[in-house]
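First comes the structure, then the notes that go with it.
The values are calculated or read from the model by the stated rules, or taken from the named source; none is laboratory data. None of the values given here were measured: they were computed from a predicted structure. Ideal geometry is used to build each Cβ from the backbone, glycine not excepted, and the neighbour counts take in all protein chains shown. The protein model used for the area step is the full one, side chains on, heavy atoms only, and it has no ligands, DNA or RNA in it. Shrake-Rupley method; radii C 1.70, N 1.55, O 1.52, S 1.80 Å.
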Amino acid sequence: MNECLLCEQSIAAIPSWQALLGLEKQTNICRDCSKKFQRADNKEECEILDQVTSLYTYNEAMRDYLHQFKFLQDVRLAEVFADELRNSLIGDAMIVPIPMHPEKKIQRTFAHVDELLKSARIPYTHLLEKIDTEAMGEKSKAQRLAMKPLFTVKMGTTIQPGTYILVDDIYTTGTTLRHAATVLKEAGATRVKAITLIRAER
C-alpha cells in the first residue's frame, strides 16, 4: 500500500483482475485529492501560437500543489500529472520545455518543467535560453507589450522546419509562450503549439 503524495494518507487498493495479475499501474495520489483538481481541457489559438492546450484550471487545490512543488521544492510531485501529460504529448513533434533563467534555476534548485516531462517519460530538447529574470505577473499589460524578447535560440542550435510543442506549467497571459513561439518561428519552425498543465484566468 502506497501513500498519497499530496495528503500522505494510505491509498487503499481496489480489488481487480489487473491488480491480481500485477498489471495495474500504481496510483500516486488518493481519490479524495484527485477529485479536488478540475479539468480544463482548454484549447486556444492565436496569431503566433497555432494551438495552446491547457489540462487543468487554477483552483485552490492546484494553487497548493504548485506551491508545494515549485516553492517548497517537493520534486516528487512532478509524478502527480505524469499520465495526463504523457497522453497529451503523443506524436512526432519536438518537445521544447520553457526554460528557466540560470539565476532562477539556482534559486529553485531544479527546473520544474523538465521534472514534469521526466516523470512523464517524455523526451525533450532545450532549444531556447531565457534572457529575462522577471516574472510576467509582475508586469502590467503595457509593460508586457513593450518588452524585449524573453528568449533566444541556444547558441549552435539550428531550428529545422517542422512542428514544435512548447511545454510550461501555467498559462496566464500567454506572453511567455508567444515570445518563445516567435523566436522558434523566426528561426525556421513551421508550426508551434503549446501544452500547459494549468490555465489561470486573469
Legend entry - Separation in nanometres of the label points that stand 7 Å from Cα toward Cβ, at Asp64 and Ala93: 3.3
Inset, instruction - Mind listing the long-range amide H neighbours of Tyr56? Cut-off is under 5 Å, sequence gap 5 or more, other chains count too, H placed in the peptide plane at 1.01 Å from N. - result: Ala40, Asp41, Ile198, Arg199
Inset, instruction - May I ask which of Lys36/Lys70; Lys43/Lys185; Lys118/Lys148 have a Cα-Cα span longer than 23 Å here? - result: Lys118/Lys148
Inset, instruction - Can you work out the accessible area per residue across region 42-140, with the rest of the protein chains kept in place, probe 1.4 Å, in square angstrom? - result: 53
Legend entry - Mean Cβ count within 10 Å, highest first, over the residues of peptides 180-193, 62-75: 180-193, 62-75
Inset, instruction - Return the sequence-ordered ³J(HN,Hα) values of region 41-57 in whole Hz as given by the Karplus equation 6.51 cos²θ - 1.76 cosθ + 1.60 applied to θ = phi - 60°, using x for Gly and Pro. - result: 6, 8, 10, 9, 10, 8, 4, 9, 8, 5, 6, 10, 10, 10, 8, 9, 8
Inset, instruction - Set the Förster distance to 25 Å, then compute FRET efficiency between Gln38 and Asp83 from the Cβ-Cβ distance, nearest 0.05. - result: 0.90
Legend entry - Proximal aspartates and glutamates relative to Lys193, as straight alpha-carbon distance under 13 Å, when same-chain residues fewer than 8 apart are discounted: Glu44, Glu45, Glu47, Asp50, Asp92, Asp168
Inset, instruction - For region 45-89, give the percent of accessible area contributed by carbon and sulfur heavy atoms, probe 1.4 Å, rounded to a whole number. - result: 43
Legend entry - Most to least packed among 111-117, 155-161 [average Cβ atoms within 10 Å]: 111-117, 155-161
